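The values are calculated or read from the model by the stated rules, or taken from the named source; none is laboratory data. Not measured: the values here are computed from a predicted model. Cβ: placed from backbone, ideal geometry, glycine included. Neighbour counts: every protein chain shown.
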Amino acid sequence: MYRRCDDFVGEVVSRVGPDTPILIVSDHGFHSFRQSVNLNTWLIQEGFMTLRGEAPDGKAPADSVRRRHVLGENVDWTRTRAYAMGLGQVYLNLKGREGRGIVAPEESKSVQDDLAARLLTMTDPKTEARIIEQSTSATTSIPAPI
């Protein structure tokens with residue numbers, strides 16, 4: 001990836017010339033990154049997201065969770081209440097906003113509260129330390145994205 005980025009910068013420099021200043025910025029990398037959580041896998045495990053082909057007990061075929069690279073590829077939107085995109089953003093599959101939304105606006109607060117409460121129970125499987133801490137000034141609800 002670094003080589004591809006370096007090649008791209010080289011191409012830009014060759015097109016604009018060596019006397020043109022170029023500024024390269026990033027909106028990531030403000031903090032160390034030691035490990036990650038696949039929120040969609042967690043949402044599946046917690047019953048907020050359902051994949052096509054899941055058994056009635058909510059169990060997805062083991063390889064379908066690992067192979068799913070593109071959001072929506074295997075998602076059963078008719079049974080999915082929440083999904084994740086980006087780093088840490090969880091969205092409700094809100095009726096009236098999403099094309100196949102199922103969470104009614106009057107139910108959104110309760111789904112948000114359930115999500116927030118369960119997120120606070122997440123632990124690192126290696127250390128069993130809590131992954132998310134709630135600050136004293138934070139509310140327990142997750143704001144609906146605009």
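Annotations for the structure displayed:
- Across region 30-79, the number of residues qualifying as of a type in the set (K, R) and at pLDDT 90 or above comes to 1.
- Applying the criterion of being over 20 Å from the mean Cα position of the chain (by Cα) and within 27 Å of R34 (Cα to Cα) to the residues of region 106-137, the residue that is modelled with the lowest pLDDT is S137.
- The set of residues in region 1-50 that are in contact with a Ser or Thr (Cβ under 8 Å, 6 or more places away or on another chain) and in a loop (DSSP other than H, G, I, E, B) comprises F48, M49, T50.
- Every listed requirement among (1) surrounded by fewer than 13 Cβ atoms within 10 Å (Cβ to Cβ); (2) modelled with pLDDT under 95; (3) not charged (D, E, K, R) is met by A144 save one, (1).
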